Amino acid sequence: MSTLAVYPGSFDPLTNGHVDIIARGARLFDRIVVAILVNAEKHPLFSLPERVDIAREVFKGHSNVEVDTFEGLLVDYMERRKAQVVVRGLRAISDFEFEFQMALMNRRLNETIETVFMMPDAQYTYISSRLIKEVFSLGGTIEGLVPELVLARLHDKKARV
Ligand code: PNS
């Protein structure tokens, strides 16, 4: 039986930490779906279509990486997709508590679904989408922390305001 993994998140924006986890997941599982949550935030920096477009472009060379969106409970989406594994990244101990709660709540909702935690490369352990947005908006450099495409799109947005 082939294993379908789902990597859910807001991805606003996609960072190199996310890219690292997706690449690891793509090596470990037969197929991995990057599942972007609809309406995670009321005012995201990147719209849902923009986030989908970025992730598809970044992973266009990876035949076993798919980009999709989902609404509602993750476990319901997993069931619809007949996916067995939720992939989440763990950067530091501070991530653990929330991730532990989500994993156990998801297990309570559907005990057949397993959550697998993966550590990104050490160079990405301190980055988050929130910090990327903050540093960029205040004029700091984020080169090397996000895909080139994300950097270009961030500059486009800044030029338009
Ligand atoms: O990128 P994020 O914000 O850390 O991702 C959080 C996400 C999307 C994985 C989580 O909010 C989620 O799964 N939301 C869907 C609704 C749901 O299933 N909630 C119960 C989780 S236990």
Evaluation of Asp76 against (1) in contact (Cβ under 8 Å) with a residue 24 or more places away in the chain; (2) in a helix (DSSP H, G or I) (one fails), failing number: (1)
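Looking only at the range 53-87, which residues are among the polar types (S, T, N, Q) and over 15 Å from Arg108 (Cα atoms)? Spell out how you get there, then give the answer.
So the first thing to find is which residues in the range 53-87 are among the polar types (S, T, N, Q), and the list is 63-64, 69, 84.
The answer is Ser63, Asn64, Thr69.
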Anything in the range 105-127 that is within 16 Å of the ligand (Cβ to nearest atom), assigned to a helix (DSSP H, G or I) and over 20 Å from Phe59 (Cβ atoms)? List them, or say none. Met105, Asn106, Arg107, Arg108, Leu109
Scan the range 88-104 and tell me whether some residue there is open to solvent by 90 Å² or more (accessible area, probe 1.4 Å), outside any loop (DSSP other than H, G, I, E, B) and in contact (Cβ under 8 Å) with a residue 12 or more places away in the chain. no
Can you work out which of the residues in the range 37-73 that are part of a helix (DSSP H, G or I), more than 13 Å from the ligand (Cβ to nearest atom) and open to solvent by 30 Å² or more (accessible area, probe 1.4 Å) is farthest from Asp121 (Cα to Cα)? Pro49
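Taking the range 94-104 as the region of interest, how many residues are within 24 Å of Val19 (Cβ to Cβ) and more than 10 Å from the ligand (Cβ to nearest atom)?
Applying the first criterion (within 24 Å of Val19 (Cβ to Cβ)) to the range 94-104 yields 94-96, 98-99, 102-103.
With more than 10 Å from the ligand (Cβ to nearest atom) added as a condition, the list becomes 94, 96.
So the answer is 2.
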Look at the range 111-122 and say how many of its residues are surrounded by 14 or more Cβ atoms within 10 Å (Cβ to Cβ) and either more than 11 Å from Val87 (Cα to Cα) or aromatic (Phe, Trp, Tyr) (or both). 2
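Looking at Ala5, Ala83, Ala92, Ala35, can you tell me which residue is modelled with pLDDT of 95 or more, small (Gly, Ala, Ser) and over 16 Å from the mean Cα position of the chain (by Cα)? So that I can check it myself, show each step before the final result.
On the way: Ala5 fails: over 16 Å from the mean Cα position of the chain (by Cα); Ala92 fails: modelled with pLDDT of 95 or more; Ala35 fails: over 16 Å from the mean Cα position of the chain (by Cα).
From the options Ala5, Ala83, Ala92, Ala35, the qualifying one is Ala83.
Of the residues that sit in the range 128-142 and are part of a helix (DSSP H, G or I) and open to solvent by 60 Å² or more (accessible area, probe 1.4 Å), which one is farthest from the ligand (Cβ to nearest atom)?
Step one: of the range 128-142, the residues part of a helix (DSSP H, G or I) are 129-137.
Of the ones still in play, those that are also open to solvent by 60 Å² or more (accessible area, probe 1.4 Å) are 130-131, 134, 137.
Working: Arg130: 10, Leu131: 13, Glu134: 16, Ser137: 19 Å.
Result: Ser137.
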Go through the range 16-36 and give me each residue that's in contact with an Asp or Glu (Cβ under 9 Å, 6 or more places away or on another chain) and open to solvent by less than 50 Å² (accessible area, probe 1.4 Å). Asn16, Gly17, Asp20, Ile32, Val33, Val34, Ala35, Ile36
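The values are calculated or read from the model by the stated rules, or taken from the named source; none is laboratory data. Predicted model, so just to flag it, every value in this text is computed and none were measured. Backbone-built Cβ (ideal geometry, glycine too); neighbour counts: all protein chains shown. Quick note on the areas: whole protein, heavy atoms, side chains included, nothing else; ligands and nucleic acids left out. Shrake-Rupley method; radii C 1.70, N 1.55, O 1.52, S 1.80 Å.
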